[in-house]
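Inspection log for the structure reproduced underneath, given as structure tokens.
The values are calculated or read from the model by the stated rules, or taken from the named source; none is laboratory data. Here the structure is a predicted model, which is why all the values come from computation and not from measurement. Note that each Cβ is placed from the backbone with ideal geometry, even for glycine, and that neighbours are counted across all protein chains shown. Ligands, DNA and RNA are stripped out before the accessible areas are found, and what is left, the full protein with its side chains, is counted by its heavy atoms. Shrake-Rupley method; radii C 1.70, N 1.55, O 1.52, S 1.80 Å.
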Amino acid sequence: GRGNGLCLTRDLRELVIRDDIDAVIVSTPDHWHVLASLWAIRHGKDVYCEKPLSRTVAEGRVLSDETARFSRIFQTGSEFRGTYNFHRAAELVRNGYIGELKEMDVYLPRNPVFPGDPQPMPAPKELDYEMWLGPAPAAPYTVDRVHFNYRWILDYSVGMLADWGGHLLDQAQWAVNREYSGPVSVQATGRFLTEGLFDTAVDFKVEYEYDNGVRLVCDDRHPEWSGGIRYIGSEGEITARYAGYKGRDITATPASLLRIPIRPDDHHLYTCPEGPERNFLDCVKSRTTTYYPAEVGHRSATVCHLGHIAMLLGELLYWDSEKEQFINNERANRHLSRAMRSPWHL
């Protein structure tokens, strides 16, 4: 903003109409990401929105289209694009230094680790709970429903597949040069929680295939991993694990892969080592594209949603990334959008 006044509000709409505010950061639960961002974009604000960008494929498409229509600067918040080991691994793979890419294995942390207490309780006075629910279905307040744990409730998110998948599935698409499209098929298994408040999937395995034959496998079945990705090629392998946002946990076979310089005529994956917030502010000033723009954020979130839908249906699904529809499967296509609770709408 350009002014010095402090404004505390329970409704973002009171902020986005102000002329002295140039940009907003959306750090709400996932089910609010698109609506909050759209309000800001349509009032001429630039937007930094945390990943995963959307709760459904359909609303993500609206957000990307509106960002372009209003010529706004948009950053999808993911530190991993600026983290040394993940960026280095993706860049080496993208330039063919492990030979022909065969498979990408994404390992996600396993959460939740408790079932969540569904017992209703009074909402705290400082929380506008009706506004917190927003477009999601009406539901009684309980402390396990809000704050961090909303991630494990399908009304608001699709669990770890979107939470850390928003980071690492994006890395996979970046490395395979499909960040503006997506896979051609997906199949998945998983166990949806039923014993408490939480109902997202755990013990899942999602398998994607791309049009160039590359296979992407994503699961949460490796408790020794805190999150990471392994690239398997015809001439070597590279593995990057989460080790903090300045992480340098990267290994390769052969080890000499890590000493290869990215040459001037190679493809350079644009990044900002200082992180997404710095990159966003720089791009707001320069009016240039961020390192994780709305269309890419939408495509990365879509990969998460495709895996979730495949788990729900338990069948092999074929995906048309241009039309953003499942091929010859209307049952699956019904899961690409969902109704919003009145009076909220896109």
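Some observations on this one:
- Filtering 330, 322, 315 for residues that are more than 23 Å from residue 154 (Cα to Cα) and of a type in the set (Asp, Glu) leaves a single hit, 322.
- Subset of the range 241-262 [part of a loop (DSSP other than H, G, I, E, B) and either under 23 Å from residue 50 (Cβ atoms) or in contact (Cβ under 8 Å) with a residue 40 or more places away in the chain (or both)]: 242, 243, 244, 245, 246, 247, 248, 249, 260, 262
- Residues in the range 246-295 that are among the polar types (S, T, N, Q) and under 30 Å from residue 234 (Cβ atoms): 251, 253, 256, 271.
- Residue within the range 6-18 that is open to solvent by less than 60 Å² (accessible area, probe 1.4 Å), β-branched (Val, Ile, Thr) and within 27 Å of residue 321 (Cβ to Cβ) present: no
- In the range 278-336, of all residues being of a type in the set (Lys, Arg) and in a helix (DSSP H, G or I), the one that is least open to solvent (accessible area, probe 1.4 Å) corresponds to 299.
Per-residue answers, yes or no, for (1) closer than 25 Å to residue 82 by Cα; (2) among the hydrophobic types (A, V, I, L, M, F, W, C); (3) within 16 Å of the chain's Cα centre (by Cα):
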residue: 138; (1), (2), (3): no, yes, no
residue: 141; (1), (2), (3): no, no, no
residue: 149; (1), (2), (3): no, no, no
residue: 155; (1), (2), (3): no, no, no
residue: 164; (1), (2), (3): yes, yes, yes
residue: 174; (1), (2), (3): yes, yes, yes
residue: 184; (1), (2), (3): no, yes, no
residue: 196; (1), (2), (3): no, no, no
residue: 201; (1), (2), (3): no, yes, no
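- The number of residues in the range 10-33 being in contact with a Ser or Thr (Cβ under 9 Å, 6 or more places away or on another chain) and touching a residue at least 60 places away in the same chain (Cβ under 8 Å) comes to 3.
- Count - residues of the range 187-204 that are in contact with a Lys or Arg (Cβ under 8 Å, 6 or more places away or on another chain) and within 19 Å of residue 113 (Cβ to Cβ): 7
- Of the residues in the range 82-103, at least one is more than 13 Å from residue 171 (Cβ to Cβ), open to solvent by 50 Å² or more (accessible area, probe 1.4 Å) and part of a loop (DSSP other than H, G, I, E, B).
- Residues being in contact with a strand residue (DSSP E or B) (Cβ under 6 Å, 6 or more places away or on another chain), touching a residue at least 12 places away in the same chain (Cβ under 8 Å) and surrounded by 23 or more Cβ atoms within 10 Å (Cβ to Cβ) are entirely absent from the range 54-62.
- Residues in the range 68-81 that are assigned to a helix (DSSP H, G or I) and in contact (Cβ under 8 Å) with a residue 12 or more places away in the chain: 4 in all.
- Residues satisfying the stated conditions in the range 34-53, i.e. touching a residue at least 60 places away in the same chain (Cβ under 8 Å), of a type outside the set (A, V, I, L, M, F, W, C) and either surrounded by fewer than 24 Cβ atoms within 10 Å (Cβ to Cβ) or touching a Phe, Trp or Tyr at 6+ places or on another chain (Cβ under 9 Å) (or both): 46, 48, 51
- Pairs, first within 13 Å of residue 162 (Cα to Cα) in the range 105-129, second open to solvent by 90 Å² or more (accessible area, probe 1.4 Å) and in a loop (DSSP other than H, G, I, E, B), C-beta under 7 Å, six or more apart: 110/223
- Qualifying residue in the range 243-265 (condition: farther than 24 Å from residue 98 by Cα, surrounded by 19 or more Cβ atoms within 10 Å (Cβ to Cβ) and touching a helix residue (DSSP H, G or I) at 6+ places or on another chain (Cβ under 8 Å)): no
- Total residues in the range 225-237, condition at positive phi and assigned to a loop (DSSP other than H, G, I, E, B): 1
- Lone unmet requirement of (1) assigned to a loop (DSSP other than H, G, I, E, B); (2) open to solvent by less than 80 Å² (accessible area, probe 1.4 Å); (3) in contact with a Gly (Cβ under 7 Å, 6 or more places away or on another chain); (4) within 19 Å of residue 174 (Cβ to Cβ) for residue 344: (4)
- Only listed residue being basic (Lys, Arg) and within 22 Å of the chain's Cα centre (by Cα), chosen from 259, 215: 215
- Test: residue 201 is closer than 24 Å to residue 270 by Cβ and either of a type outside the set (Phe, Trp, Tyr) or touching a Gly at 6+ places or on another chain (Cβ under 7 Å) (or both): no
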